[in-house]
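The values are calculated or read from the model by the stated rules, or taken from the named source; none is laboratory data. As the structure is a prediction and not an experimental result, all values here were calculated from the model. Please note: Cβ atoms are built from the backbone with ideal geometry, for glycine as well, and neighbour counts cover all protein chains shown.
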Amino acid sequence: MARISVKNVTKYYDRELILNNISLDIEDKEFFCITGPSGSGKTTLLKVVAGLDTNYTGRVYIDDIDVTYLAPGQRNIAMVFQEYALYPNLMAKENISFPLRIKKYSNERIDQKLRSTIKQIDIGIEKYLNFYPRELSAGHKQRVATGRAIIRDNPNVFLFDEPLSNLDAKIR
């Protein structure tokens with residue numbers, strides 16, 4: 001994992017202030033939760049760190065490297081979105097393995113990592129691997145999105161936006 005520093009980040013949507021001069025440091029391997037009411041800027045802050053929202057002032061550092069102007073793919077961040085961000089035309093197993101496919105892993109390596117990831121996180125998704133997102137419950141979509149983040153090779157940072165909101169109480 002990596003150290004994250006956010007320095008003096010301010011963000012407006014239209015004329016509404018969403019993030020007001022936010023600064024924080026999250027140490028390497030630290031588990032950090034951001035809490036607040038709906039609309040308070042939690043998701044926006046995660047998107048700023050991930051590079052998915054670039055219209056802000058301030059700086060973002062990962063391991064003391066200024067990533068403010070780096071594209072999301074160059075930040076090596078795995079993110080689980082509150083709204084899942086699954087590809088509707090891909091089956092669950094294809095959604096989970098997507099980060100490996102775009103890096104051109106062999107099918108054998110993808111299958112191996114897929115089995116290993118499913119076993120590692122034990123999320124009860126095995127029987128749904130050949131289902132499309134439209135055929136999955138909200139909880140299963142969340143599991144697929146989590147698997148997609150975890151299957152990646154050594155991301156610097158994991159960002160989870162409302163990761164438990166759609167999971168059954170038993171799995172939480």
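Values as computed for the structure displayed
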item: Evaluation of ASP66 against (1) touching a residue at least 24 places away in the same chain (Cβ under 8 Å); (2) within 21 Å of PHE158 (Cα to Cα) (one fails), failing number; result: (1)
item: Residue ID - nearest to the chain's Cα centre (by Cα), chosen from residues in the range 121-134 that are exposed (fewer than 12 other Cβ atoms within 10 Å of the Cβ) and not basic (Lys, Arg); result: ASP122
item: Subset of the range 64-85 (residues that are over 15 Å from ARG148 (Cβ atoms) and not in a loop (DSSP other than H, G, I, E, B)); result: ILE65, ASP66, GLN74
item: Leading residue by the ranking (nearest to MET79 (Cα to Cα)) among those in the range 48-63 that are touching a Gly at 6+ places or on another chain (Cβ under 9 Å) and outside any loop (DSSP other than H, G, I, E, B); result: VAL48
item: Qualifying residue in the range 86-95 (condition: under 21 Å from GLY73 (Cα atoms), among the small types (Gly, Ala, Ser), in contact (Cβ under 8 Å) with a residue 24 or more places away in the chain and assigned to a helix (DSSP H, G or I)); result: no
item: Residues that are surrounded by fewer than 12 Cβ atoms within 10 Å (Cβ to Cβ) and among the small types (Gly, Ala, Ser), drawn from the range 61-83; result: ALA71, GLY73
item: Test for GLY58: is it out of contact with any helix residue (DSSP H, G or I) (no Cβ under 6 Å at 6 or more places or on another chain), surrounded by fewer than 19 Cβ atoms within 10 Å (Cβ to Cβ) and at positive phi; result: yes
item: Residue match in the range 30-43 (condition: outside any loop (DSSP other than H, G, I, E, B) and not assigned by TED's automatic domain parsing to the domain that holds ASN130); result: yes
item: Filtered residues of the range 84-119 (kept if modelled with pLDDT under 90 and exposed (fewer than 12 other Cβ atoms within 10 Å of the Cβ)); result: LYS119
item: Filtered residues of the range 12-26 (kept if surrounded by fewer than 13 Cβ atoms within 10 Å (Cβ to Cβ) and either at pLDDT 95 or above or of a type in the set (A, V, I, L, M, F, W, C) (or both)); result: LEU17, ASN20, ASN21, SER23, ASP25
